[in-house]
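Enquirer: The structure under discussion is supplied below as structure tokens; questions concerning it will follow.
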Amino acid sequence: MIKNQNQFTRRTFIKKAGLTTSLFSLYPLSYSSIFSNSTDDKRIIVIGAGLAGLSCAYELDQAGFNVMLIEARSRPGGRVNTYRDPFSDNLYSEMGAEYVDSSDTYIQEYCKKFNLKILPAKQYDGVYVKGQTSSIEGLRSGRDLLPFKGTLEGKLFGQEVQYIQKWIDLVKLKGINSPEVQALDRISVEDILKEGGAPKDIIDLYTYANATEETAVPSKMSALYMILSNTRTSNFSENTVEGRILGGNDQLPKTLAQKLGTKIMYNRPLLRLDYNSNGIIATVKEKQRLVQIPAKKCVLAIPASILKNIEINPGFSEEKINCINNQQYGHAMKIAMQYRQRFWDNKNSIGQRVFTDTPLRRVYHFSIDQPGPRGILLSFTSGEDAIKLGKLDNKKRLNIAQNTCRNIWPEAPMFWEKGVVKYWNEDPWVKASYSFAGVGQKGFREILAKPEGPVFFAGEHTAIQRASMNGAIESGMRVTDELKRAESS
């Protein structure tokens, strides 16, 4: 975890950057020739080639800044991760960030600029809960009823609203900043639902519905943000219009990376950052040696789940360190299953996109834009179910996935071919899914986004539209504007 370090002077800056940690006894220390030129004093280093870092580096480069992008992985994109190789017939699957909706203006603009097409995704059409099957059409018409106590007819998501209406009205009456409203940050979604008289079934349903999208559990989610989301607009629902980039979401980060060319350096994880008012020195691991990269300013576009384990000298402010160390992240797992035939399209099928209370949570036909008899069912598991599956090996995870799909579509075993799993909490460069507003974390986002000296901060955890590709780009744009203002001041 990040801890505060003593302040140091410019005279000791270079010395302490190279001699105060055991890292330098493990690897040879050097300056690589690619980092040595006369423009070091104007260089801006961006750490992390996810969409936040890529968009920031790209926009800075377009504005004429001397930018360098450092990435720990061998690829761009971060949590945008399109799998292709494991599948047959040129099928692919989004194993990370997936959806683009109509409000995602930054992605929409980039796709238009780079001639990428956004394909609308199919909406939910089936429900499989408590071992019962029904259709979304049946729920809407009232022909089918959810087997959960306390629910209203005609919808799937949003059943919790009737139990929190008095707090929604309180926000509208007294405003967001009233003490009564702000106090909601100290209690969880589970607590406020219980206080509103919601039965256990409603809390369970919320867990499988909106909490799944947050990759969290109601007991850890801030009631304040849940109430505010219901006063501004409706939460995620079965009616949410979603899409993804035709041909794979990885086309966007790959295009941005191509535009940056040799300004991106892969396979160089950041181990340490030293800074003072005159600039920064980033220490990265390059093969089996440590390389120091000097620059005027730095952008940290990496998750707080990773940043908290990087040595920072001197430490950031107390409030920044607290937020970095304690920012809440969820658990998420995707399982892509290749089948020889697309049985989910059959006349008697429950549907192509199914909401469930099974360990898989969401199961849906992914390959709607890809021709051929073969197809991919993709599942999205989060929260406690992701944690439970995360404790198993991939063979057991795939067995559970196959058995679950058999329960939903009895003919599924006849067409099974293979599957692949991505559990993001196992990923060494994320160790989490994406951020969410935890209990007592009011103001975290603003603190995490605030610059400290020559160090700037991007990433979905710093964005207003957090937990999304658009939010990541939003943060990259914000930091670009901050750096432009700093340059002109």
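The values are calculated or read from the model by the stated rules, or taken from the named source; none is laboratory data. Everything numeric here is computed off the predicted structure, so don't read it as measured data. Positions of Cβ are generated from backbone atoms using ideal geometry, with glycine treated the same way; all protein chains shown enter the neighbour counts.
Enquirer: Any residue at all in segment 327-334 that's in a strand (DSSP E or B), in contact (Cβ under 8 Å) with a residue 24 or more places away in the chain and touching a Lys or Arg at 6+ places or on another chain (Cβ under 6 Å)?
Expert: Checking segment 327-334: at least one residue is in a strand (DSSP E or B), in contact (Cβ under 8 Å) with a residue 24 or more places away in the chain and touching a Lys or Arg at 6+ places or on another chain (Cβ under 6 Å).
Enquirer: Of all residues in segment 286-316 being assigned to a strand (DSSP E or B) and under 25 Å from the mean Cα position of the chain (by Cα), which is surrounded by the fewest Cβ atoms within 10 Å (Cβ to Cβ)?
Expert: Of all residues in segment 286-316, those assigned to a strand (DSSP E or B) come to 286, 289-295, 297-300, 311-313.
Filter once more, keeping what is under 25 Å from the mean Cα position of the chain (by Cα): 298-300, 311-312.
Details: 298: 26, 299: 31, 300: 29, 311: 17, 312: 22.
Filtering segment 286-316 for residues that are assigned to a strand (DSSP E or B) and under 25 Å from the mean Cα position of the chain (by Cα), the one surrounded by the fewest Cβ atoms within 10 Å (Cβ to Cβ) comes out as 311.
Enquirer: What are the pairs, 6+ residues apart or on separate chains, where a residue within segment 428-442 that is touching a residue at least 40 places away in the same chain (Cβ under 8 Å) and under 17 Å from residue 307 (Cα atoms) has its Cβ under 6 Å from a residue that is of a type in the set (Val, Ile, Thr) and crowded, with 21+ Cβ neighbours inside 10 Å?
Expert: These pairs meet every condition: 433/215.
Enquirer: What pairs come up if the first residue lies in segment 159-173 and is assigned by TED's automatic domain parsing to the domain that holds residue 149 and more than 13 Å from residue 189 (Cα to Cα), the second is surrounded by 15 or more Cβ atoms within 10 Å (Cβ to Cβ) and hydroxyl-bearing (Ser, Thr, Tyr), and their beta carbons are under 6 Å apart, counting only those six or more places apart or on different chains?
Expert: Sorted first by the residue in segment 159-173, then by its partner, the pairs are 159/151.
Enquirer: Residues 354, 363, 421: which one is out of contact with any Phe, Trp or Tyr (no Cβ under 9 Å at 6 or more places or on another chain), β-branched (Val, Ile, Thr) and within 30 Å of residue 247 (Cβ to Cβ)?
Expert: Numbers: 354 fails: out of contact with any Phe, Trp or Tyr (no Cβ under 9 Å at 6 or more places or on another chain); 363 fails: out of contact with any Phe, Trp or Tyr (no Cβ under 9 Å at 6 or more places or on another chain).
On inspection, the qualifying residue turns out to be 421.
Enquirer: Okay, next question. Scan segment 372-392 and give yes if some residue there is buried (at least 19 other Cβ atoms within 10 Å of the Cβ), in contact with a Ser or Thr (Cβ under 6 Å, 6 or more places away or on another chain) and hydroxyl-bearing (Ser, Thr, Tyr), otherwise no.
Expert: Yes, because at least one residue in segment 372-392 is buried (at least 19 other Cβ atoms within 10 Å of the Cβ), in contact with a Ser or Thr (Cβ under 6 Å, 6 or more places away or on another chain) and hydroxyl-bearing (Ser, Thr, Tyr).
Table: residues versus (1) in contact (Cβ under 8 Å) with a residue 40 or more places away in the chain; (2) out of contact with any helix residue (DSSP H, G or I) (no Cβ under 8 Å at 6 or more places or on another chain); (3) charged (D, E, K, R).
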site	(1), (2), (3)
189	no, no, no
199	yes, yes, no
217	yes, no, no
220	yes, yes, yes
243	yes, yes, no
275	yes, yes, no
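Enquirer: Could I ask something else about it? Determine whether segment 204-211 contains at least one residue that is in a loop (DSSP other than H, G, I, E, B) and either within 23 Å of residue 330 (Cα to Cα) or without any contact (Cβ under 8 Å) to a residue 40 or more places away in the chain (or both).
Expert: Keep residues of segment 204-211 that are in a loop (DSSP other than H, G, I, E, B), which gives 209.
Going one step further and asking which of them are either within 23 Å of residue 330 (Cα to Cα) or without any contact (Cβ under 8 Å) to a residue 40 or more places away in the chain (or both), we end up with 209.
Checked segment 204-211: at least one residue is in a loop (DSSP other than H, G, I, E, B) and either within 23 Å of residue 330 (Cα to Cα) or without any contact (Cβ under 8 Å) to a residue 40 or more places away in the chain (or both).
Enquirer: Buried (at least 21 other Cβ atoms within 10 Å of the Cβ) and in the same structural domain as residue 362 (by TED's automatic domain parsing): does that describe residue 89?
Expert: On the way: buried (at least 21 other Cβ atoms within 10 Å of the Cβ): no; in the same structural domain as residue 362 (by TED's automatic domain parsing): yes.
For residue 89, the condition - buried (at least 21 other Cβ atoms within 10 Å of the Cβ) and in the same structural domain as residue 362 (by TED's automatic domain parsing) - is not met.
Enquirer: Hey, another quick one. The conditions are (1) at pLDDT below 95; (2) within 30 Å of residue 91 (Cα to Cα); (3) part of a loop (DSSP other than H, G, I, E, B), and residue 248 fails exactly one of them. Which is it?
Expert: Among (1) at pLDDT below 95; (2) within 30 Å of residue 91 (Cα to Cα); (3) part of a loop (DSSP other than H, G, I, E, B), the lone unmet condition for residue 248 is (1).
Enquirer: Given the options 369, 345, name the one that is surrounded by fewer than 20 Cβ atoms within 10 Å (Cβ to Cβ), under 23 Å from residue 246 (Cβ atoms) and touching a residue at least 40 places away in the same chain (Cβ under 8 Å).
Expert: Details: 345 fails: touching a residue at least 40 places away in the same chain (Cβ under 8 Å).
After ruling out the rest, the residue left standing is 369.
Enquirer: Do we have any residue at all in segment 121-137 that's over 17 Å from the mean Cα position of the chain (by Cα), surrounded by fewer than 18 Cβ atoms within 10 Å (Cβ to Cβ), under 22 Å from residue 406 (Cα atoms) and free of Cβ contacts under 8 Å to residues at least 24 places away in the same chain?
Expert: Within segment 121-137, one or more residues are over 17 Å from the mean Cα position of the chain (by Cα), surrounded by fewer than 18 Cβ atoms within 10 Å (Cβ to Cβ), under 22 Å from residue 406 (Cα atoms) and free of Cβ contacts under 8 Å to residues at least 24 places away in the same chain.
Enquirer: Output the residues belonging to segment 59-78 that are surrounded by fewer than 24 Cβ atoms within 10 Å (Cβ to Cβ) and over 20 Å from residue 294 (Cα atoms).
Expert: Selection gives 59, 62, 63, 73, 74, 75.
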